[in-house]
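I'd like to ask you about the structure that follows.
The values are calculated or read from the model by the stated rules, or taken from the named source; none is laboratory data. In this text, all values refer to a predicted model and were calculated from it rather than measured experimentally. Cβ coordinates were reconstructed from backbone atoms using ideal geometry, including for glycine residues, and neighbour counts include every protein chain displayed. Only protein heavy atoms, including side chains, enter the accessible area calculation; ligands, DNA and RNA are left aside. Shrake-Rupley method; radii C 1.70, N 1.55, O 1.52, S 1.80 Å.
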Amino acid sequence: MSGYLWLVVGVPLLGCLINAVFGKSLPKRAVAGIACTAIGVSFIIGVLAILELNTYGVADRFRVSVPYVW
């Protein structure tokens with residue numbers, strides 16, 4: 001699951017992008033649904049990541065993610 005942690009930020013950004021591009025042409029209820037769904041999915045991914053982290057031993061409960069190497 002830790003490989004999908006980027007989705008915690010990526011899903012709300014995608015929802016924001018969809019609402020920014022198509023927001024004027026979509027009904028207000030659809031825009032609100034996209035925004036709430038994006039935040040909800042991000043929350044669920046975060047909770048699943050924390051639950052997975054709790055399965056590791058105390059000494060192994062850290063993860064380092066390197067998105068870019070200089």
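Could you look through region 28-56, keep only residues that are more than 18 Å from Val9 (Cβ to Cβ) and part of a helix (DSSP H, G or I), and pick out the one that is most open to solvent (accessible area, probe 1.4 Å)?
From region 28-56, those more than 18 Å from Val9 (Cβ to Cβ) are 28-33, 51, 54-56; that's our starting set.
Okay, now just the ones that are also part of a helix (DSSP H, G or I), so 28-33, 51.
Numbers: Lys28: 180, Arg29: 211, Ala30: 38, Val31: 37, Ala32: 51, Gly33: 32, Leu51: 100 Å².
Among those residues, the one meeting the criterion is Arg29.
For region 1-27, name all the residues that are part of a loop (DSSP other than H, G, I, E, B), open to solvent by less than 90 Å² (accessible area, probe 1.4 Å) and touching a Ser or Thr at 6+ places or on another chain (Cβ under 9 Å).
Taking region 1-27 first, the residues part of a loop (DSSP other than H, G, I, E, B) are 1, 5-6, 23-27.
If we keep only those that are open to solvent by less than 90 Å² (accessible area, probe 1.4 Å) too, we end up with 1, 5, 23, 26-27.
The one that is part of a loop (DSSP other than H, G, I, E, B), open to solvent by less than 90 Å² (accessible area, probe 1.4 Å) and touching a Ser or Thr at 6+ places or on another chain (Cβ under 9 Å): Leu5.
Taking the stated definitions as given, is Ser65 open to solvent by 90 Å² or more (accessible area, probe 1.4 Å), without any contact (Cβ under 8 Å) to a residue 24 or more places away in the chain and small (Gly, Ala, Ser)? Walk me through it before giving the result.
Numbers: open to solvent by 90 Å² or more (accessible area, probe 1.4 Å): yes; without any contact (Cβ under 8 Å) to a residue 24 or more places away in the chain: no; small (Gly, Ala, Ser): yes.
No.
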